[in-house]
Amino acid sequence: MLKHYLTIALRNLGKHKGYTFINISGLALGLACCFFILLYVRQERSFDRFHQHAPRLYRLLHVAREGEPERSAISASGYATHLKQEFPELEVVRFFTANSRANLKAGSETRTVDGFFYADSAVFRVFTFPLRQGDPATALAAPNTMVLSPAAAEAWFGRDNPVGKTLTLLRGDLKLELRITGVLQPLPRNSHLQFDYLTSFHTITAFMGEQALAEYTNFNYYTYLLLPAGAAPEHYTSRFPEFLRKYRDAEAATSTALALQPITDIHLTTDVRWDLGSNSDKRHLYIFSAVAVLILFIACINFVNLATARAAQRAKEIGVRKVVGADRGTLLLQLFGESLLAGIFAVAVALALLQTAAPLAGELGGGKLAVEVFANPGLLLLLAGLGLAASVLAAIYPAVILSGFNPAKVLKGLVTRGAQGAVLRKGLIVTQFSIAVFLLIAILTVRDQLAYMKKHELGFDQEQVLHLNLTSAVKQRFAAFRQSLLAHPGVRNVALVGSVPGRVGTSRGYRWPGKEELESRSFYTMLVDEETVPTLGLQIVQGRNFSREFSTDAGHAYILNETAVRELGWEDPVGRPFRVWDEEMGQVIGVVKDFHFKSLHQKIEPLVLDLKPEWSWSAAIRLAPQQTAAALPFLAEQWRAWEPDLPLDYRFLDADFDRLYQTEERLGRLFSAFTLLAFFVACLGLLGLASFTAEQRTKEIGIRKVLGATVPSILLLLSKEFSRLVLLAFALAVPAAYYAINTWLENFAYRLNLGPRPFLLGGGLALAIALLTVSLQATKAAVANPVKALRYE
């Protein structure tokens, strides 16, 4: 009997190839998309869970209590030193990244490399980063030692064993020989710590002094704590205030706090400043999960719609089977088996699509997703099981409907007279296109918001500006270097800066005379020189810019932005006494118009421009319009003349600022791809139903043509019903889309005004695509020979 059912099922699938293709391909695409999103969400949630001690591993956060509490991933080096003294049961590991860039030399070759970290020797006890070569217990125990990733080892030494060999670190005037003591296994992609060079932490004392191991003035370290088994993090956080009073001071204990963040939460947390890498937003995972369910729902609707639409053609077969003795259970088994067979084919195709399209899908997702479905039996069984479960659910309704036909009515041809099936199919089409229109409106808004952020007036001129990291050789003779660059007509201005918009994160404490004593507060700070304001195109709205003509400007003059002035409540800030926390009293000499030095996710905050060229180790270079192609070779030539040992390291300011929106860019790419797939799957189902409708009305169309109906009138006849359904879907999708989009836009301090454009454009595109889909089949029916139509059946 099972063999008989299988034979019948294969015959039915082969007999109606068009419907079979639409059914299987639609369900397969929906499943493949759902599988990809499932794997993407699974990987995003798996970050840092591979560490053996992950449940006990935490990162120390520094929390500023002034104003709105702000959590920062960076802390002072002294915290690690004194935490080990105060809590000897803790394992503590510091990372120092120094922007994760370094200049290395081997023989006569010098390279600027990324992924260069310093770490305490306990790193391999705390984290699960196994070594391919070397002893993890001693690899970073001594100063001037280093382990490499396999990629870095191959880049420098090819296939030779690098252990025991050296690389020279060039930092300022220092040249440190770093002995290679090990080679790492490849780091998992789902680690928020990504490095190629890991150097012993004590190496930093060569250029920062011994005080770097226990100081509280330089907040540039990432500190991780491994708690003892069974210990609760609250036990330590409750003792942190006393720890701050003991090792810092009472003021630090009231103005700041320390918190512990589970390492498994880091990747999906976006409200921590100065994090390593680009984290994912947990809310986006919820969005993608919902999209996966919606796309799979659309695919299942196609499956149900086409199966029930063909119910009339299967009705006589079911009636005859019931007359000759088949009970409903037997028919359910047969019909359910046919649908399940189609579902099995769809699952197989979906898995093949997933494996084949994985590289492209990974690129859309930021290049993080590695899909090896067929190499992972457990994952393969999970996805196949989910796919078959979706197929089973989609197959239940058509099997129940078909097996429930009354044989007497079926054989009299009365089964086609009811309108219940048509109403259901229309309702499912409306549901499908409501989802598709909702997604289309959403992606149009995401793209509009991205365009708005990139075109929004930032308050400074980011075009034609290079940000250039300086070396010690260039910094020491920067004035002459500047003049050599200005000799070229393509170079407009050159400034010495500590940071540029998009990379401002330094905060400094400032004081000024108050009502009773010196009031104080921390403000974001840009370290600048006299040329920074004109080079970046900033606007002075009160007072003046820094000037070499005023000798008192050095160390005693400050420029505030408008937000800082408002925060201080000063109506006339120019000339007001103002100073850095531990320096002599100076004054405010000017006010700069507010500009965005952080992303548009955040409101403009108080900022101080502090004249500190001696602390600034990068340059901002403004090029003349249309002169970039000529100026860049000149810049490279001048760099080689002043710094022959190290390569030129620069980035364009506008491109660098755009990196702040990587998460939204990735969301836009993925959402666009999923929306296109959702529309394609919905249109596949619409094409199948339009084909079925045209087939059912073949004789009617033939009679109409004989009586003089034109092709356009027949096209209108066959298309208007589907057009009404799409318009109804649009009406249902708009309120839901409006609410969801407004909720998403609340994540941005500066956002576009949500107008009718995305709604009208989304609805218009949906209607146009639906009409095009229906018209393909309607045209075929309309131009058919009416003689053949009248001989139909």
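So the values come out like this:
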{"quantity": "Qualifying position, being at pLDDT 75 or above, in a helix (DSSP H, G or I) and aromatic (F, W, Y), among F748, F730", "calculated": "F730"}
{"quantity": "Scope segment 618-635; condition within 34 Å of the chain's Cα centre (by Cα), of a type in the set (A, V, I, L, M) and modelled with pLDDT under 90; matching residues", "calculated": "A629"}
{"quantity": "Test: A214 is modelled with pLDDT under 90 and more than 21 Å from K105 (Cβ to Cβ)", "calculated": "yes"}
{"quantity": "Residues that are open to solvent by less than 80 Å² (accessible area, probe 1.4 Å) and either of a type in the set (A, V, I, L, M) or under 30 Å from A690 (Cβ atoms) (or both), drawn from segment 745-760", "calculated": "L745, A749, L752, L754, P758, F759"}
{"quantity": "Residue, nearest to V783 (Cα to Cα), within segment 704-756, restricted to residues that are among the β-branched types (V, I, T) and in contact with a helix residue (DSSP H, G or I) (Cβ under 7 Å, 6 or more places away or on another chain)", "calculated": "V711"}
{"quantity": "Flag if L187 is surrounded by 15 or more Cβ atoms within 10 Å (Cβ to Cβ) and either free of Cβ contacts under 8 Å to residues at least 60 places away in the same chain or touching a Ser or Thr at 6+ places or on another chain (Cβ under 8 Å) (or both)", "calculated": "yes"}
{"quantity": "Lone qualifier among F597, F671, F652, F657 - being within 30 Å of E584 (Cα to Cα) and within 32 Å of the chain's Cα centre (by Cα)", "calculated": "F597"}
{"quantity": "Residue within segment 78-93 that is within 30 Å of N469 (Cα to Cα), out of contact with any Phe, Trp or Tyr (no Cβ under 9 Å at 6 or more places or on another chain) and open to solvent by 30 Å² or more (accessible area, probe 1.4 Å) present", "calculated": "no"}
{"quantity": "Residue match in segment 731-744 (condition: of a type in the set (S, T, N, Q) and surrounded by 14 or more Cβ atoms within 10 Å (Cβ to Cβ))", "calculated": "no"}
{"quantity": "Helices (runs of 4 or more DSSP H) fully within segment 407-492 counting 3 or more residues that are among the aliphatic types (A, V, I, L, M) and either within 22 Å of Q638 (Cβ to Cβ) or modelled with pLDDT of 85 or more (or both)", "calculated": "420-455, 478-486"}
{"quantity": "Tabulated pairs, segment 274-285, first within 13 Å of E665 (Cα to Cα), second of a type in the set (A, V, I, L, M) and part of a loop (DSSP other than H, G, I, E, B), C-beta under 6 angstrom, 6+ apart or interchain", "calculated": "S280/L268"}
{"quantity": "Pick from segment 36-53, criterion open to solvent by 50 Å² or more (accessible area, probe 1.4 Å) and assigned to a helix (DSSP H, G or I), ranking: farthest from A257 (Cα to Cα)", "calculated": "L38"}
{"quantity": "Sole exception among (1) in a helix (DSSP H, G or I); (2) of a type outside the set (V, I, T); (3) more than 30 Å from R521 (Cα to Cα); (4) touching a residue at least 12 places away in the same chain (Cβ under 8 Å) for A290, by number", "calculated": "(4)"}
{"quantity": "Flag for A153 being open to solvent by less than 50 Å² (accessible area, probe 1.4 Å), in contact with a strand residue (DSSP E or B) (Cβ under 6 Å, 6 or more places away or on another chain), of a type in the set (A, V, I, L, M, F, W, C) and free of Cβ contacts under 8 Å to residues at least 40 places away in the same chain", "calculated": "yes"}
{"quantity": "Where a residue in segment 547-563 is farther than 16 Å from P573 by Cα and its partner, wherever it lies, is open to solvent by 30 Å² or more (accessible area, probe 1.4 Å) and not hydroxyl-bearing (S, T, Y), with Cβ under 7 Å and at least six apart", "calculated": "S547/E530; R548/E530; G555/E583"}
{"quantity": "Selected residue (only one of E583, E549, E605, E614 is more than 18 Å from Y524 (Cα to Cα) and modelled with pLDDT under 90)", "calculated": "E614"}
{"quantity": "Hey, P735 under 30 Å from T270 (Cα atoms), touching a Ser or Thr at 6+ places or on another chain (Cβ under 7 Å) and not in a loop (DSSP other than H, G, I, E, B) or not", "calculated": "no"}
{"quantity": "The listed residue being surrounded by fewer than 18 Cβ atoms within 10 Å (Cβ to Cβ) and closer than 29 Å to P647 by Cβ, out of T128, T166, T199, T138", "calculated": "T166"}
{"quantity": "Of the criteria (1) without any contact (Cβ under 8 Å) to a residue 12 or more places away in the chain; (2) open to solvent by 40 Å² or more (accessible area, probe 1.4 Å); (3) farther than 30 Å from A624 by Cβ, which one K455 fails", "calculated": "(3)"}
{"quantity": "Candidate set: segment 98-110, residues that are modelled with pLDDT of 85 or more and touching a strand residue (DSSP E or B) at 6+ places or on another chain (Cβ under 6 Å); chosen: the one surrounded by the fewest Cβ atoms within 10 Å (Cβ to Cβ)", "calculated": "A106"}
{"quantity": "Breaking point among (1) surrounded by fewer than 19 Cβ atoms within 10 Å (Cβ to Cβ); (2) without any contact (Cβ under 8 Å) to a residue 40 or more places away in the chain; (3) assigned to a strand (DSSP E or B), for N220", "calculated": "(2)"}
{"quantity": "Any hit, segment 190-208, residues being of a type in the set (D, E, K, R) and more than 28 Å from H82 (Cα to Cα)", "calculated": "yes"}
{"quantity": "Subset of segment 259-285 [touching a strand residue (DSSP E or B) at 6+ places or on another chain (Cβ under 6 Å), open to solvent by less than 20 Å² (accessible area, probe 1.4 Å) and outside any helix (DSSP H, G or I)]", "calculated": "Q261, V272"}
{"quantity": "Test: residue in segment 236-254 that is charged (D, E, K, R), touching a Phe, Trp or Tyr at 6+ places or on another chain (Cβ under 7 Å), more than 22 Å from R132 (Cβ to Cβ) and open to solvent by 70 Å² or more (accessible area, probe 1.4 Å)", "calculated": "yes"}
{"quantity": "Any hit, segment 54-73, residues being open to solvent by less than 60 Å² (accessible area, probe 1.4 Å), among the charged types (D, E, K, R) and at pLDDT 95 or above", "calculated": "yes"}
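The values are calculated or read from the model by the stated rules, or taken from the named source; none is laboratory data. This one's a predicted model, so the numbers in the text were calculated from it and none came from an experiment. Using ideal geometry, Cβ is built from the backbone for each residue, glycine included, and neighbour counts are taken over all protein chains shown. Areas reflect the complete protein model, heavy atoms only, side chains present, ligands, DNA and RNA absent. Shrake-Rupley method; radii C 1.70, N 1.55, O 1.52, S 1.80 Å.
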